[in-house]
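Participant: Handing you a structure now.
The values are calculated or read from the model by the stated rules, or taken from the named source; none is laboratory data. Please read all numbers here as calculations on a predicted model, not as lab measurements. When we count neighbours, we look across all protein chains shown, and the Cβ atoms used for this are built from the backbone with ideal geometry, even at glycine. The area values use the complete protein model at the heavy-atom level, side chains included, leaving out ligands, DNA and RNA. Shrake-Rupley method; radii C 1.70, N 1.55, O 1.52, S 1.80 Å.
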Amino acid sequence: MGAAKVYIETYGCQMNEYDSEIVRRVLTGNGYDFTDTPEDADIIFLNTCAVRANAQRKVLQRIDLFKKLKGRKQGLLIGVLGCVAQNLKTELFNSGIGVDVVAGPDSYRTLPELLRRVQETKETRCATTLSVEETYSDLFPAQQSGKVNAWVAVMRGCDNFCSFCVVPYTRGRERCRAPDNIIEEITALAAKGYKQVTLLGQNVNSYKYEGFTFAQLISAVSRIEGIRRIRFTSPHPKDFPDDLLEVVADNDKVCKHIHLPLQSGNTRILQMMNRTYSKEEYLALAHRMRERIGNLALTTDIIVGFPTETREEYEDTLDVMRQVEFDAAFMFKYSERAGTAAAQKYPDDISAAEKTDRITRLVDLQRSISLERNQRHLNETYDVLVEGTARKPDQLRGRNDENKIVVFPDNGAQAGDFVNVRIEEVTPNTLIGVAVQPVT
Ligand code: SAH
Ligand code: SF4
Ligand code: F3S
């Protein structure tokens with residue numbers, strides 16, 4: 001009998017993408033093989049997201065689908081990893097769901113042992129102890145992303161406890177990796193041919209390791225040969241340090257793009273959200289960023305319909321959007337998450353129809369702002385890091401420094417190449433152009 005084959009499907013944020021590669025590393029180190037086809041697998045893992053009710057629902061539907069494969073393949077195991085695992089724990093074993101293994105984000109080292117026990121005893125197993133120190137720093141993840149961008153978690157967990165958010169409960173306490181260890185990982189990635197790294201943390205500007213700051217970490221990463229672009233996500237607007245602003249502005253390898261989650265433009269709602277900044281403070285910070293960094297792309301996350309949010313308060317969010325002119329925004333309807341402070345303190349009192357109405361207007365406004373922002377790129381030429389083929393035939397797709405998607409006719413460039421592209425047409429989400437220089 002050959003090695004057992006594992007299939008893994010990943011949902012949620014980039015941290016989960018990174019973690020799936022940690023899981024891959026742990027299991028390949030223990031004699032498992034991986035497959036891209038669920039029908040071929042002996043073990044199916046879902047690495048899951050619990051941030052909104054919809055995300056969690058999707059996981060349960062997916063499990064239901066995979067459960068059908070169990071009838072066809074004896075001994076097939078289904079495992080839930082990530083934030084839903086941590087959030088629901090043994091509830092996932094409730095009758096009929098069909099889950100055999102549950103492992104939270106800090107329990108991936110135990111997977112070989114868990115699988116062995118489940119196979120031996122035919123009983124379910126759950127590992128969801130959160131750690132204050134686990135960073136998997138000795139396990140450089142496998143990285144499967146086609147050698148363009150590598151995700152690198154520089155810290156794990158979150159201590160912010162925004163009142164709406166489940167992440168501090170699913171990911172546990174904040175902990176940072178040692179800079180030397182991060183540099184070692186990225187040096188190895190550069191040697192494998194990766195051109196770009198994205199440094200990940202739920203709140204990267206609180207990165208600190210024995211006095212070493214996030215800005216210092218970025219500078220150190222920029223000295224690694226072969227790494228041409230550095231991105232990071234996400235900083236928190238409450239305390240964006242000056243040295244970080246300087247390094248984004250002055251270091252050529254650091255992309256001129258900052259994702260700065262707003263959540264709401266109203267100070268009372270921000271207080272209820274425990275975001276610890278006001279509308280005015282956010283506006284001042286965004287202004288300072290745009291002043292200091294030429295051609296900066298600013299993107300954001302917004303929630304509409306937080307408990308008690310009035311129409312007038314919601315208008316403050318639109319007002320901030322108009323003033324800041326975000327290049328892009330991820331917009332969400334408030335989704336109550338059990339166990340969070342908001343769920344305990346505030347009834348989810350904005351109707352579904354009202355939330356839909358609010359988000360529709362927000363999306364419309366952002367589309368027009370994105371289009372306007374993108375029009376400034378017309379006739380400009382950008383260095384584009386090619387990611388692969390575009391949806392349209394004979395077109396390639398990549399990103400410029402500002403993280404905008406650029407599409408252009410295939411000129412033979414490969415994923416990982418840099419191409420100079422002149423922009424000739426724009427939509428709210430895409431810059432469309434032609435290559436003006438041969439492949440570099
Ligand atoms: N740590 C990141 C965000 C992680 S979650 C940060 O603070 O930047 C990504 C986004 O999901 C959040 O920024 C927020 O806009 C949204 N989100 C989180 N919890 C939510 C909830 N309960 N309902 C709706 N949206 C939510
Ligand atoms: Fe959630 Fe806030 Fe932490 Fe982001 S900073 S993960 S929104 S608690
Ligand atoms: Fe989702 Fe967990 Fe990321 S809840 S957004 S996968 S940290």
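Participant: Using a 4.7 Å Cβ cut-off, which Cys residues in the chain lack a partner cysteine?
Facilitator: For the chain, the answer is 13, 49, 83, 126, 158, 176, 255, because their Cβ atoms have no other cysteine Cβ under 4.7 Å.
Participant: Which percent of the accessible heavy-atom area of segment 337-383 goes to carbon and sulfur, probe 1.4 angstrom?
Facilitator: Answer for segment 337-383 is 50 percent, counting heavy atoms of protein chains only.
Participant: Return the whole-Å distance between the Cα centroid of segment 62-108 and the Cα centroid of segment 283-337.
Facilitator: 37 Å
Participant: A further question on this structure: Highest mean first, how do 211-217, 83-89, 228-234 rank when packing is the count of other Cβ atoms within 10 Å averaged over residues?
Facilitator: 83-89, 228-234, 211-217
Participant: Go through 68/392; 238/333; 67/345 and tell me which ones have a Cα-Cα distance over 29 Å in this structure.
Facilitator: From 68/392; 238/333; 67/345, over 29 Å: 68/392; 67/345.
Participant: Quick one: of the DSSP bridges fully inside the chain, what percent are antiparallel, nearest 5?
Facilitator: 35 percent
Participant: Follow-up. So for the pair residue 65, residue 129, with labels modelled 7 Å out along Cα→Cβ, what separation do we get in nm?
Facilitator: It works out to 3.5 nm between the two label points.
Participant: Same structure again: Residue separation times 0.36 nm, minus the C-alpha to C-alpha distance between residue 228 and residue 311: what's the value?
Facilitator: Residue separation times 0.36 nm, minus the Cα-Cα distance, leaves 25.4 nm.
Participant: Add +1 for every Lys or Arg and -1 for every Asp or Glu among the other residues with Cβ under 13 Å from the Cβ of residue 274, and state the total.
Facilitator: Result for the neighbourhood of residue 274: +3.
Participant: How far apart, in nm, are two points set 7 Å out from the Cα along the Cα-to-Cβ line at residue 389 and at residue 268?
Facilitator: That separation, rounded to one decimal, is 5.5 nm.
Participant: Please return the longest range in the chain lying between exposed loop sites, taking GluC sites (Glu not before Pro), DSSP loop only, at most 12 other beta-carbon atoms within 10 Å, and leaving the sites out.
Facilitator: Working: sites that count: 123, 133, 210, 225.
Answer - 226-440.
Participant: State, to one decimal in nm, how far the label point of residue 117 lies from the label point of residue 54, with both points 7 Å from Cα in the Cβ direction.
Facilitator: The two pseudo-label positions are separated by 3.7 nm.
Participant: Same structure, new question: Taking the solvent-accessible surface of protein heavy atoms with a 1.4 Å probe, what is the per residue accessible area of the chain in Å²?
Facilitator: 43 Å²
Participant: Give the residues of segment 298-324 whose amide nitrogen is closer than 19 Å to a point set 7 Å from the Cα of residue 345 in the direction of its Cβ.
Facilitator: Of the residues in segment 298-324, 303-310, 313-314 have backbone N under 19 Å from the label point off residue 345.
Participant: Using r as the Cβ-Cβ distance of residue 74 and residue 250, and R0 as 51 Å, what FRET efficiency do you calculate, to the nearest 0.05?
Facilitator: Computed FRET efficiency for residue 74 and residue 250 comes out at 0.25.
Participant: Also: If you build the convex hull over the alpha carbons only and average its shadow over all orientations, what do you get for the chain? Give it in nm² to one decimal.
Facilitator: Hull-based average projected area comes out at 21.9 nm².
Participant: For segment 142-181 and segment 24-48, compute the distance between their C-alpha centroids and round to whole Å.
Facilitator: Centre-to-centre distance over Cα atoms comes out at 22 Å.
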